[in-house]
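First comes the structure, then the notes that go with it.
Quick note: the coordinates plus some simple rules give every number you see, no bench work behind them. All values derive from a computational prediction rather than experimental measurement. Reconstructed Cβ throughout: ideal geometry from the backbone, glycine too, with neighbour counts over all protein chains shown.
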Amino acid sequence: MTAPAPSSRQRWLVPVVVVVLSVTVGGGLLAREIYRRPDQPADDASSSVPAPSPSNSGEPGAANAVRMTDDAKAHPQADAVRRLLEKYFTAINLKQYQQWTSVVTDERVAAQSPTDWKKGVRTTKDSDALVYRIERSSGSSLRVLVGFTSRQAVEDAPPFFREPCIKWRLVMPMVIEDRTLKIAAVDGGPPPEHEKC
């Protein structure tokens, strides 16, 4: 006696299941590659590390010690970025225009005279700088996501946010100029992320 032939419905079930599973696995692998962080090696499946808790100090010296998340520390240029930002914030806090010109691009220097620059930072005290992330951009340039607290007289606060204490979070572009890493002008568009302290 011969066994009855399987119905055509059962005959197609196994190949359809194999195709569906293959597409699902392939889609998952593709999504992993697309959403992988740019500076993360392909075989690194680690998750992002939370940022350290910010300091409560409002002293200008707190800005001089720029902190970094583990993600930012892992970037090959982390030390250079940290040193550059420390010089930048120190120049602002000590009102040292010449030091500021040594850490920003020629374009930024040309855009602000010493008088205008000093007027813009006359009551500013920046602190609690924290680098969240460093990413490569075009060529050898970088995009650095940094947060910091800025205290100033209300009349010296930005016109769009008149507050004596502002927590900023913005992307600072950095480029190589004269074989040195420098801070370029922040991209145009809407104001950087900010909130009242």
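Structural remarks
- The listed peptides 166-175, 92-101, 15-24, ordered by packing as a protection proxy, come out as 166-175, 92-101, 15-24 (highest mean of other Cβ atoms within 10 Å first).
- Between the stretch 136-188 and the stretch 80-129, the alpha-carbon center distance in angstrom: 10
- Translational diffusion of the stretch 97-197, µm² s⁻¹ [Kirkwood Rh, Cα pairs; Stokes-Einstein; 4 °C; 1.567 mPa s]: 88
- Within the stretch 101-158, the trypsin sites (Lys or Arg not before Pro) that combine a DSSP coil assignment with at most 15 other C-beta atoms in a 10 angstrom radius are Arg122.
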